């Protein structure tokens, strides 16, 4: 497993519930990778995001305590080798924000249990 150069940290009110929610939707979960309630969400053998409980996160970085959980000025993308299969597997199990078809393919945007928006995208070759 590799960490990408950019790996978001999702601050959540209940780390165990969040990890279970993602696991039920086909993600692998690596629990307790550090002593401070830090966990990894993994898809297709690559780390997608880090997860940390709010109490630990705010104790570590108090400046984030005023930011509402699930808010940020953007959203995450989960770029997969077989996005269509993953999308099919989560339909009916997530809150769909938008399902869009582009020239390069379909992108499904869903909201997780904490309010984070995630776009599922087929990996595209860079030209």
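A short reminder: the numbers here are calculations on the coordinates, not readings from a lab. In this text the structure is predicted, and so the values were computed from the model without any measurement. Cβ sites come from the backbone with ideal geometry, for glycine too, and all protein chains shown count toward neighbours.
What the table shows:
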| item | result |
| --- | --- |
| Two-site label geometry, residue 31 and residue 111: point separation in nm, points 7 Å out along Cα→Cβ | 2.8 |
| Projected label distance in nm at residue 46 and residue 17, using a 7 Å step from Cα toward the beta-carbon | 3.1 |
| DSSP bridge pairs, the chain: antiparallel proportion in percent, nearest 5 | 70 |
| Distance (nanometres) between label positions extended 7 Å along Cα→Cβ at residue 102 and residue 61 | 2.6 |
| Gaussian network model of the chain, springs between alpha carbon atoms under 10 Å - residue of 112, 88, 28 with greatest fluctuation | 88 |
| Residue among 41, 19, 68 with the largest mean-square fluctuation in a Gaussian network model of the chain, springs linking Cα atoms under 10 Å | 68 |
| The chain: relative contact order as a whole-number percent, Cα under 8 Å and 6+ apart | 22 |
| Of 110, 102, 86, the one that fluctuates the most in a GNM where the chain has Cα springs shorter than 10 Å | 102 |
| Peptides ranked, highest mean first, by Cβ atoms within 10 Å: ranges 51-61, 90-100, 75-85 | 51-61, 75-85, 90-100 |
